[in-house]
Structures are given as C-alpha cells and as structure tokens.
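Asker: Can you read through this structure? Questions will come right after.
The values are calculated or read from the model by the stated rules, or taken from the named source; none is laboratory data. In this text the structure is predicted, and so the values were computed from the model without any measurement. A quick note on method: Cβ atoms are made from the backbone with ideal geometry, for glycine too, and the neighbour counts reach across all protein chains shown. Ligands, DNA and RNA are excluded from the accessible area calculation, which covers all protein heavy atoms including side chains. Shrake-Rupley method; radii C 1.70, N 1.55, O 1.52, S 1.80 Å.
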Amino acid sequence: MANQAAIFIDGGYLVKVLGHEFSAPRIDFQKLAIKMAGDDELFRAYYYNCLPYQGSNPSAEESKRYAKARGFVAALDRLPRFEVRLGRLAYRGIDQATGLPIYQQKRVDIMLGVDLVLLAAKGRIHRAALITGDSDFIPAVQVAKNEGVHVHLFHGNKAQVHDEIWTAADDRTQLNEDFVRDISY
C-alpha cells in the first residue's frame, strides 16, 4: 500500500491567514490538498469550519452570506476525497468596546482532533498535514505522533501560529507567496 496522507484544514484559520497576509485570494482546494500531501497519496482532505451565524429572523445580508457559504461547502463536498465537517457558531453577546456581535466556534476543534486520532490509531495514514495555528490540537498531534504518524504543520507567519503547535509538529511550512500562487486561481 502506498504511503497515505490525510489533510486537515482549519477553515477559519486559513481564511484569516489568506486575508491578513495575502489579500484574500481565491484558492483551489484540490490543488491545496495535493500540494500538502506532497509525494504521498492523498487519503482524504478534511475541511473544518462553521457556517455564518443566522438569527431566527435573518436579515437579507445574513441570508445572502449564509447561502454563499452553503454553496462553498457544497462545492467542497463534491471534490474527490474531500470531507467537510461543520461545527456551529454560538452567539456570545456584544463586544462592549466595538459594539460588534461576538461569535464562538463550537465543535470544530474537537472534530479535527477526533479525526486525526482515529486515522492515526487505525493505521490508515502515515502522514498528517494540518493547516492551523491553534494550540488546542496539541494533544491530538501528540497521539498521532505516538502512533507513528509524521505530522506536518502548514501555517501563516509566526504571529499567526501558537509556538506550542509549531514545536509539536515534526515539520513546518510557512505559507508564502509562491505557495499561495500555486494554489490560487
């Protein structure tokens, strides 16, 4: 059996990095998954995020943003060897300093961690490539490594990645202009 890699994409993190560091280019997720898999066979790419918040009586803007996000998720779901995992956004009130609503992702991190640990424990993959900057994934990364999985972290600039997840990874690749250009359209 060929060496297989699973790709784990923290969608919220990727959007943040692409927006802050690269002027929010449109990317081809199939190219991204293949590039992250490198020389290994792509077992599957997992994309984790939440749909935008939509209240019980959504405004026209909320409805439009939600429909656009649903279309994006549906397109990802149609890609070969892609799996979309959606959490939910929880409304947490209003930020007193800005007056803007506060939302918190729920279930996203745990879904990524569970998928990584299950694939590692079952011996389905020999390599895991993650795009994230979140230290919440360290326990899952450590379990995967203990199961013999090589963990490769893809990340934004050092300000966009927690030192502990950076240290926990076996290999690291900082997203740069060439990388983003290769996956953009």
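Asker: Among (1) over 30 Å from residue 148 (Cα atoms); (2) of a type in the set (A, V, I, L, M, F, W, C); (3) touching a residue at least 40 places away in the same chain (Cβ under 8 Å), where does residue 36 come up short?
Answerer: Residue 36 satisfies every listed condition except (1).
Asker: When you look at residue 132, is it free of Cβ contacts under 8 Å to residues at least 24 places away in the same chain and hydroxyl-bearing (Ser, Thr, Tyr), yes or no?
Answerer: no
Asker: Any residue in the range 5-26 that is modelled with pLDDT of 95 or more, open to solvent by less than 30 Å² (accessible area, probe 1.4 Å) and charged (D, E, K, R)?
Answerer: Yes: the range 5-26 contains one or more residues that are modelled with pLDDT of 95 or more, open to solvent by less than 30 Å² (accessible area, probe 1.4 Å) and charged (D, E, K, R).
Asker: Hey, does the range 143-155 have a residue that's within 15 Å of residue 9 (Cβ to Cβ) and in a loop (DSSP other than H, G, I, E, B)?
Answerer: No: the range 143-155 contains no residue that is within 15 Å of residue 9 (Cβ to Cβ) and in a loop (DSSP other than H, G, I, E, B).
Asker: Does the range 39-55 include one or more residues that are more than 25 Å from residue 134 (Cα to Cα) and at pLDDT below 95?
Answerer: Checked the range 39-55: at least one residue is more than 25 Å from residue 134 (Cα to Cα) and at pLDDT below 95.
Asker: Further question: Scan the range 73-106 for residues that are of a type in the set (D, E, K, R), open to solvent by 70 Å² or more (accessible area, probe 1.4 Å) and at pLDDT 95 or above and report the count.
Answerer: So the answer is 3.
Asker: Can you pull out every residue in the range 30-51 that is open to solvent by 30 Å² or more (accessible area, probe 1.4 Å) and touching a Phe, Trp or Tyr at 6+ places or on another chain (Cβ under 9 Å)?
Answerer: Scanning the range 30-51 gives 30, 31, 35, 44.
Asker: Taking the residues in the range 110-164 that are in contact with a His (Cβ under 8 Å, 6 or more places away or on another chain) and within 19 Å of residue 86 (Cβ to Cβ) as candidates, determine which candidate is most open to solvent (accessible area, probe 1.4 Å).
Answerer: For the range 110-164, the residue satisfying everything is 134.
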